Amino acid sequence: MLDFVQQLVSGVALGCVYGLIALGFVLVYKATEVVNFAQGDLMMLGGFFAFTFIGMMGLNYWIGFAGAVAAMALFGMLAERVVVRPILGYPQFSIIMATIGLGYFLRSVAGMIWGTDDLKIETPFSQGVLRIGSLVLAYDKLSVIAATMILCTLLYLFFNKTTLGTAMRASSENMLAAYYMGIPVKRVVSIVWAISAAVATCAGVLLAPITFIHSNVGLVLGLKAFPAAVLGGFGSIPGAVVGGVLIGVIESMAGFYLPEGWKDVAPYLVLLAVLLLKPEGLFGHHVRKKV
Amino acid sequence: MRFLFKTDYEDDIKLFPHSGYLVSYGILLVLLLIAPYVLSSYLMSQLVFVCIYAIVGVALLILTGFTGQASLGHAAFLAIGAYTAAYLQKYNVPFPVYFLAAGGLTGIIGAMVGFPALRLTGIYLVIATISFALIVEEILARWESVTHGNEGMRVKTLSLLGVTVPRDSPTFYFLCLSVLVLTIVGTLNLLRSPTGRAFVAIRDSETAARSMGVNVALYKVKSFAISAAITGFAGVLFAHKLSFISPEMFTLQLSIEFIIVILIGGTFSLHGAVLGAIFIVMIDPFLTYLKDDMPGMIAGIAATFGAGPATAGNIQSKVAAFASLNGLKGAIYGIIIVLFVLFEPLGLYGRWLKIKLFFQLFPLYKRATFKRQKIYVKSERNR
């Protein structure tokens, strides 16, 4: 039983990271119908930025964190301006390829700048553990869970309650109509990319104490975030996090109870099952086909 | 400029629209046939890889370019073909049999992937094919009784009709070349048949295709099966060329490379597969060449502009250090993909057509001829 709870907590913590990356996918997808295959790499880059600020320049953890988030938000805007904006409106396949190319580029450049070793960030949560009876929970995992909750709530409120959030949803439905309604679509898209890169950075920094930062971490985790996003229904903010948590728990349970090898495959089997049985996901709404 | 006067549907679907095609492809074929006796053994080896990549490129074009179903899982089909060959070879099955068996098995698995894919479009299909490829990769690593797991499998030298064909012999090159030519001719014939027309109709509009009486589900599965089978054939050649296969060769990276092949070549014509294959295979030796020669060249340029020998040497060593950085190749790959998507969406073959048209219409060429339409109105979600 105790093992089960331990596995559950570490699965939830890992799942929250998947959820945060999936959240980035969902934000960009909601606003622009673009699937950003470089999302994981944005997370990786955010982790490296935080490492530079905290580990190399010796800044305070929170200042470094904020700095990394701000820097990555700017970087997200830049990436959108340079890579995505010129091809908005073209078939999705082109945009997918462009973001795959961007991911390649970021991975290699990060490898060139920061080397290929695993890096570690010292955080205030690194050492401590929380003991409840005989249950031992590490603070770094709990911090991931808490941060995910907060971010998810904030983003949900932002999308559903604020004017800017409504503008984003409108431009996602129909860019041209949104433009006619006076929504500055280009600026909205740019802001969405900034937010999504910022969320990715949060994921990267929170992840740093659990799995170390290296230039391929984005690819590995980014691929795991797809099942999370699909399970939640591409385009739903709570769905992304719930999907992420479910995938994380499934993965860690499969690693513990099933023979070796299932752990890596389980998320994708779930993904295929979801796509076959309920393609709109848990939280997505079914859209009828129109001619 | 030549005007083709067509009076019949038969004129419209001719393999060689006019005699110029026969002449130019004839010359190309002759050049390819004398290549092994002219080129160095390294270039020949690269040329074999060009053939294999081009076969996969053609397969991917049938699925992605002409049926409009994106796939990022073709490395898995290649792996299934390669492993089938390696496994059957252990039981002394002759080459023609396991060659066909590999294609057949991959085709059946392709159809099995195609069935669930019927319900998926766009990104969902891309994600599903990625997951399929990752699952296959894991199975290859774990099913040790058949695949020998991560240790990999040796592939014996090919023997065709009692003659051994080493992997770097001209005969092996001719084998790959003939498979490529057969694939291309077969695909061209497929594309001008009712099946090929149905593929293109599905790509352009599923609803329209259905209302014209095309059985969309059937043709999508067919497209998947044909594409997978051709990739399986390429897998056999790939296994023989490498003479050793292991799961980590068939990663997502390879699937992306195949997509890059058709993306760079051009997704609307079979020429694209070949041009893209040449590009992707030759970029490696080209980068190595640049790495070796670039520093000296730049130092030479600096010297002609009046830099002293000390400065020039300094520049040379700095450029050399930059060129031998670890991830430079990946970065260049990434930049190339992004640049092609942004500035040359029709690929290398599109560029060739533009240049050709420029001279044919000189001085009346209009850039807008090849401009694509942007669609902001219709969301792909609601399609």
Residue among A:178, A:240, A:194 with the largest mean-square fluctuation in a Gaussian network model of chain A, springs linking Cα atoms under 10 Å: A:178
Relative contact order of segment A:1-285, pairs being alpha-carbon contacts under 8 Å that are 6 or more residues apart, as %: 37
Protection proxy ranking of A:133-146, A:213-226, B:152-165, B:114-127 - average other beta-carbon atoms within 10 Å, highest first: A:213-226, B:114-127, A:133-146, B:152-165
Derived scalar couplings ³J(HN,Hα) [segment A:153-167; Karplus, 6.51 cos²θ - 1.76 cosθ + 1.60; whole Hz; x for Gly, Pro]: 4, 4, 5, 4, 4, 4, 6, 9, 10, 8, 5, 4, x, 5, 4
Chain lengthening between residue B:4 and residue B:324 when straightened (0.36 nm per residue, less Cα-Cα): 109.9 nm
Net charge dipole size for the protein assembly as shown [Lys, Arg +1 and Asp, Glu -1 on Cβ; Debye, nearest 20]: 1980
Using alpha-carbon coordinates, inclination of helix A:262-277 to the longest axis of chain A, degrees: 30
The protein assembly as shown: C-alpha gyration tensor shape, a/c 1.5 cut-off, then a/b vs b/c: rounded
Under 5 Å, built H, 5+ apart or other chain: amide partners of residue B:160: B:165
Cβ neighbours within 10 Å from other chains - mean over A:106-113: 5
Residues with amide H under 5 Å from that of residue A:283, placed H, sequence gap 5 or more: A:233
Ordering of B:289-301, B:347-359, A:21-33, B:82-94 by burial proxy (mean other Cβ atoms within 10 Å per residue, highest first): A:21-33, B:82-94, B:347-359, B:289-301
Helix-only mean residue ellipticity at 222 nm for chain A, each DSSP H run of n ≥ 4 adding -39500 (n - 2.57), per residue, nearest 500: -23500 deg cm²/dmol
Dipole magnitude of segment A:1-285, debye to nearest 20 (Cβ charges: Lys/Arg +1, Asp/Glu -1, about Cα centre): 640
Residue among B:60, B:323, B:106 farthest towards the positive dipole end of chain B, charges placed on Cβ: B:60
Relative packing of A:260-270, A:156-166, which averages over residues the other C-beta atoms within 10 Å, highest first: A:260-270, A:156-166
Axial C-alpha extent at least 24 Å, average Kyte-Doolittle at least -1.0 - helices from chain B (DSSP): B:19-38, B:41-60, B:74-90, B:95-117, B:122-142, B:170-191, B:216-242, B:270-304
Angle in degrees between helix A:2-32 and the longest Cα principal axis of chain A, rounded to the nearest 10: 20
Calculated [θ] (222 nm, deg cm²/dmol) that DSSP helices of n ≥ 4 give over chain B, each run adding -39,500 (n - 2.57): -23500 deg cm²/dmol
Average partner coverage of A:265-273, which counts Cβ from other chains inside 10 Å: 4
Residue mean of other protein chain beta carbons inside 10 Å, B:127-135: 6
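Read-outs throughout are calculated quantities, based only on the coordinates presented, and are distinct from any laboratory measurement. Small disclaimer: the values here were computed from a predicted structure and weren't measured. So basically every Cβ, Gly included, is an ideal-geometry build from the backbone, and we count neighbours across all protein chains shown.
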